[in-house]
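The block underneath contains the structure these notes are about, expressed in structure tokens.
None of the figures in this text is laboratory data; all of them are computed from the coordinates on show. Note that the structure is predicted; figures quoted are calculated from it, not measured. Every residue, glycine among them, receives a Cβ derived from its backbone with ideal geometry; neighbour counts consider all protein chains shown.
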Amino acid sequence: MEWKEAAALGAVLACIKPRRYGRAKAAKGAGMPLKKLVAGNWKMHGLSYDLDEVKAIATASAVYPGVEVALCVPAILVERAARAVPGFAIGGQDVHHAEKGAHTGCTSARMLLDAGATLTIVGHSERREAQRESDSEVKQKAEAALSVGLDVILCVGESLEMRDSGQAVATVTAQLDGSLPQQLEGEAWLAIAYEPIWAIGTGKIPTTDEIAEMHAAIRNGLVDRYGSAGQEVRILYGGSVKAANAAEIFAIRDVDGALVGGASLKNQDFVPILAAAASAG
Ligand code: PEP
């Protein structure tokens, strides 16, 4: 189905029955591919009037029940977004690892949850770089979020320098090892987003072989850490995903979805990516 038809059908469905976005488990069944997860990262974009865009995306996403969809918006928009689209997954983009305390300007995991978020990103490269977040801090953040029941998208990715010097896989697997929560427990899920720093917002993307190689290495790291449960952790690709390249990316082995920045801001750019994920199965 074309995305325009899907958006129109979504609008009709929203009128004739209550919205049912629901949360779904990552695993479809033993040996089956994981349900694709497509999450938007709005970064520092979004004012009150952009809630119309959130509503349009949530409505259109109901047409693709085989794809799990989420939007991670600025913390200050979480509550309004969550109220605007009940049952649709709204997330934050970071949490502080502490439960509470003297941390001016920070947001705890429980605060995000209290505002209506169901998930959060942690360890985005823009925070690792600008806020100098270390692997161990990212690990603490992931553990804090999971402990209150927030789903977590944990980002890893190499710089261009590391890619060019042949150190990409070693860099990312070391980052993963230092950032992964100690154990997986409870209902909340963990997903890993592989985001090469040089591909974010640049229009450049790695080759399909490079993505496949990295996702296989991440899968090995997850299985080493969590045993068979590591097979159930979704690995998203992030970095300049758009309608034109989404189908090719989703066809790569061990690509279980995408973390999308720029192309998640507008319904007409984001919904075709959901359609591509739905077609990939
Ligand atoms: C991101 O910020 O996580 C991201 C992937 O951005 P973009 O899609 O714009 O490259």
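Under a GNM of the chain (C-alpha, springs under 10 Å), which listed residue has the highest mean-square fluctuation: THR173, THR207, THR120?
Of THR173, THR207, THR120, the Gaussian network model singles out THR207 as fluctuating most.
Would you mind working out the magnitude of the charge dipole of the stretch 180-281 relative to its Cα centre, with +1 at each Lys and Arg C-beta and -1 at each Asp and Glu C-beta, to the nearest 20 Debye?
Values: 7 positive and 12 negative charges, 55 e Å.
Using only the charged Cβ atoms, the result is roughly 260 debye.
Could you give P(r) for the stretch 144-281, binned at 10 Å from zero, as whole percent values over all Cα-Cα pairs?
Bin by bin from 0 Å, the calculated values are 12, 42, 34, 11.
For a quick check: sort LEU236, LEU34 by the number of other beta carbons within 10 angstrom, fewest at the front.
Values: LEU236 25, LEU34 19.
Lowest count first: LEU34, LEU236.
Within the stretch 87-120, list the residues whose amide N lies under 16 Å from a label point set 7 Å along Cα→Cβ of SER134.
In the stretch 87-120, the label zone of SER134 (backbone N under 16 Å from the point 7 Å along Cα→Cβ) covers 97-98.
When the chain is modelled as a GNM with alpha-carbon springs shorter than 10 Å, which of ILE249, ILE76, ILE192 fluctuates the most?
It is ILE76.
Quick check: Cα centre of the stretch 173-221 to Cα centre of the stretch 55-101, how many Å?
A separation of 21 Å, based on Cα centres.
Take the Cα pairs of the stretch 36-280, get the Kirkwood Rh, then feed it into Stokes-Einstein at 10 °C and 1.306 mPa s and tell me D in µm²/s.
Details: Rh = 17.7 Å.
It comes out at roughly 90 µm²/s.
Under a Cβ-only charge scheme (Lys and Arg +1, Asp and Glu -1), can you give me the dipole magnitude of the chain about the Cα centre, in debye to the nearest 20? Can you show the working numbers first?
Numbers: 28 positive and 33 negative charges, 189 e Å.
Result for the chain is approximately 900 debye, rounded to the nearest 20.
Go through LEU71, THR173, HIS103 and say which Cα lies farthest out towards the positive end of the charge dipole of the chain; charges sit on Cβ, +1 for Lys and Arg, -1 for Asp and Glu.
LEU71
Putting +1 on Lys and Arg Cβ atoms and -1 on Asp and Glu Cβ atoms, find which of ALA58, ALA263, ALA142 reaches farthest to the positive end of the dipole of the stretch 36-280.
ALA58
At SER279 and LYS266, where each label point lies 7 Å from the Cα along Cα→Cβ, what is the point-to-point distance in nanometres?
The modelled label-to-label distance comes out at 2.0 nm.
How about LYS36: which aspartates and glutamates have a C-alpha closer than 13 Å to its C-alpha, ignoring those fewer than 8 places off in the same chain?
GLU68, GLU232, ASP254, ASP256
Pop a pseudo-label 7 angstrom from the Cα along the beta-carbon direction at both LYS204 and SER147 and give the gap in nm to one decimal.
3.9 nm
At 222 nm, what helix-only mean residue ellipticity would the chain give, in deg cm²/dmol to the nearest 500, using -39500 (n - 2.57) for each DSSP H run of four or more?
Roughly -13000 deg cm²/dmol at 222 nm, from the helical runs in the chain.
Rounded to the nearest 5, what % of the DSSP beta bridges within the stretch 83-232 are antiparallel ones?
Working: 0 of 12 bridges.
Restricted to the stretch 83-232, the bridges split so that about 0 percent are antiparallel.
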